[in-house]
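The values are calculated or read from the model by the stated rules, or taken from the named source; none is laboratory data. It should be emphasised that the depicted structure is a prediction, and the values quoted were computed from it without experimental measurement. Cβ atoms come from the backbone with ideal geometry, glycine included; neighbour counts cover every protein chain shown. Just so you know, the surface numbers come from the protein's heavy atoms only, side chains and all, with ligands and any DNA or RNA stripped out. Shrake-Rupley method; radii C 1.70, N 1.55, O 1.52, S 1.80 Å.
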Amino acid sequence: MKSIFQYITIIFLLVAALSCADSSKDPFRLKELKKATILALRDKADTILVDGSAEYAFSFFRDKIDRNYVVKYKAELLATDFNSLKSIDIYARRYTGKGSEPANEPIKTIPFSEFAFEEGYVGPIVNVSLPLTDILKALKIPDEDGPAADSLEAHYLNGISFWTDLNLVDGSIVKAEYTAAAGLKASYQFYPAQQLVIGVYESGDYLPVASVSRVSKLPLSIVDKHSVDTLKIVFSEAISVLPTLSASPDKLCEFSRVKRVAKDELLGLDTVIVNKENDTIGLVYLIKVISGDYTGNLAFKVSGAVSKEFKFQQSAKSFNVPIDNTEPSVESVKAQLVSTSGTPARVGKDQAIRLTIRFIEAMNTGSVDNFPVLKFVIGNAKISAIPDATTTVVSGSSTDFTYVYSFKSNLDLNKPENQTTDKVTITVTGGQDLAGNNFDGVLPAEVSFLVDLSIPLAPIPTLSSPFDFANTLKWSFTQDAVVVGASTTGTIYWVAVVAGSLGPDSFEITDTGPSFTRKNTKGDGGKKFSVAQNGESKGISISGGSTGVVYSPFVANGKFDIYSVFVSDMGNVSPVPVTPSVKDVEMKVN
């Protein structure tokens, strides 16, 4: 819908064609006119329609009835004989029911004596004035806002139609219905004034509507670089009275409007935009948080702006600006072995722990400088502390940050004095929320784990009696700690060789699984023993230093020597025994 009230179009059924037998090709219906006579629109209303500046040349608001409003236009008589006109009758087309022909309700009769010649026109001109109250009365609509709005909305949203009949001296009538070609306007010479439509609008469509945008998009706080923001308020209509801006709770911030500049000037964040084409203006306010005692929404309201054209006052526009003056807090810090699941109590040589910090709110991830920093506090001088470890943000998250602690040791762990365990406590500093508040370093609980620097003792197997249990070894293992606090939980791996033969002297776990190997010693060429040959490749689980009674497949006959190693859950591996863990194991049951 084009801009408005001054524009209420008259939809005129323009008459332009030649007479012919086929009435569909004779929009003037000249056979019935008898006289070459028509009434044409002139002056401002004609200009509005010709230049296309409005949908209607005249209109009014159905829900804001202006009882002083008058439809005024000039009409020119075009005729071969000007003295042939006696008078004109103007009717309003009243709705009479769905599917029924509208009724013509008389509005005004104007005698030819009121026509007069004016400079610039060929035919005589008449000034037509149709008070809105007379129009509504003819349509049987009360001129009160509520009832008028309801009736007009129900039946006249497409406008109110008017017909003007020309009464000729000879008694014939040039009826409005004869001007049947409404849309012909290519010549731009005239519009027939015998059929027109007055537009009916809803005032709510033309209230000045404020739209609000912020520059930062982030919560504000008392923190210097996060305390200032810019509000831009743009109205849909030109306004003649500027709005007021208020905030609640008050006294939390201060705000001020800045200067006004032309649209085509260089714009910055502290300018007011003025669109010279339609006088639409935008206001820019600078807001600054001045109190750090509040966290929540600051409710702003823009009100009081009045439109320039219709003097309509805006509906108040409310919006919220989040204020956050509270430091972020940590929900949890979790430590997890990279190679396994669960939360371990220890980490061993060449192992890695992934630490994950989760905050309760979105954090600033725009720069590594804003990420939380870890400090590893270690009491044992043999284990190097890490004073500042910068975390990385977890992909797709704004609350989770992680750091992988990979333990490396250059200590010779074969020396008893270097074998130790020690508690590592994690502290967290830094980390900044979206409002610029820094984390205060207080964790919900202590976060710590043990570093286990020890070479485990060899596991001690004990054969049960009887151990030869249906082609299965019945036995148990115990595991002692080499130093206080060392892990005695992990896995026992073992292998059986023919009694008296050379056994393995090394053990490793690779991608293909665990394996025992005999190095190239005394020219024997070396040998790799498959754990699965006579033992369990998956190993025997041991927890807290004891397996309890376990059953292991062992189907070979004859005597065998068994070698076993312990791999702690820290990844520490006991040496392969020089002598068998168990000698001369004989299975007699097939």
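A few comments on the model shown:
- Pairs where the first residue, in the range 283-302, is on the phi > 0 side of the Ramachandran plot and the second is assigned to a strand (DSSP E or B) and surrounded by 13 or more Cβ atoms within 10 Å (Cβ to Cβ), C-beta under 8 Å, 6+ apart: GLY296/PRO322; GLY296/ILE323
- Cβ pairs under 9 Å, 6+ apart, first in the range 458-485 and in contact (Cβ under 8 Å) with a residue 24 or more places away in the chain, second small (Gly, Ala, Ser) and open to solvent by 50 Å² or more (accessible area, probe 1.4 Å): LYS474/SER465; SER476/SER546; PHE477/SER546; THR478/SER546; GLN479/GLY544; GLN479/SER546
So that you can scan it fast, the table gives a plain yes or no per residue for (1) touching a strand residue (DSSP E or B) at 6+ places or on another chain (Cβ under 6 Å); (2) open to solvent by 30 Å² or more (accessible area, probe 1.4 Å):
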site	(1), (2)
LEU355	yes, no
ARG358	yes, yes
GLU361	yes, yes
SER367	no, yes
LYS375	yes, yes
ASP388	yes, yes
PHE401	yes, no
ASN410	no, yes
ASN414	no, yes
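- Of the residues making up the range 73-96, those that are within 60 Å of the chain's Cα centre (by Cα) and among the basic types (Lys, Arg) are LYS74, ARG93, ARG94.
- Just one residue in the set ILE135, ILE141 is buried (at least 16 other Cβ atoms within 10 Å of the Cβ), aliphatic (A, V, I, L, M) and in contact with a helix residue (DSSP H, G or I) (Cβ under 6 Å, 6 or more places away or on another chain); that residue is ILE141.
- Applying the condition of being buried (at least 17 other Cβ atoms within 10 Å of the Cβ) and β-branched (Val, Ile, Thr) to the range 434-453 and asking which residue is nearest to the chain's Cα centre (by Cα) yields VAL447.
- Every residue from the range 69-104 that is polar (S, T, N, Q) and out of contact with any Pro (no Cβ under 9 Å at 6 or more places or on another chain): THR80, ASN83, SER84, SER100, ASN104
- Residue within the range 294-306 that is at pLDDT below 90 and either among the basic types (Lys, Arg) or open to solvent by less than 10 Å² (accessible area, probe 1.4 Å) (or both) present: yes
- Listed by position, the strands (runs of 3 or more DSSP E) inside the range 188-254 whose residues that are open to solvent by less than 40 Å² (accessible area, probe 1.4 Å) and of a type outside the set (Ser, Thr, Tyr) number at least 3 are 195-201, 228-235.
- Residues that are more than 24 Å from SER552 (Cα to Cα), modelled with pLDDT of 85 or more, surrounded by fewer than 20 Cβ atoms within 10 Å (Cβ to Cβ) and not β-branched (Val, Ile, Thr) do not occur anywhere in the range 454-476.
- On the stretch given as the range 99-114, residues that are among the small types (Gly, Ala, Ser) and open to solvent by less than 20 Å² (accessible area, probe 1.4 Å) total 0.
- Of all residues in the range 34-78, those that are among the small types (Gly, Ala, Ser) and open to solvent by 20 Å² or more (accessible area, probe 1.4 Å) total 3.
- Residue check, SER406 open to solvent by 20 Å² or more (accessible area, probe 1.4 Å) and in contact with a strand residue (DSSP E or B) (Cβ under 8 Å, 6 or more places away or on another chain): yes
- Restricting attention to the range 474-520, the residues being among the hydrophobic types (A, V, I, L, M, F, W, C) and outside any strand (DSSP E or B) number 7.
- Here is the figure for the range 115-132: residues that are open to solvent by 40 Å² or more (accessible area, probe 1.4 Å), in a loop (DSSP other than H, G, I, E, B) and free of Cβ contacts under 8 Å to residues at least 40 places away in the same chain total 4.
- Positions within the range 174-187 being at pLDDT below 90 and open to solvent by 10 Å² or more (accessible area, probe 1.4 Å), in sequence order: GLU177, TYR178, ALA180, ALA181, ALA182, GLY183, LEU184, LYS185, ALA186, SER187
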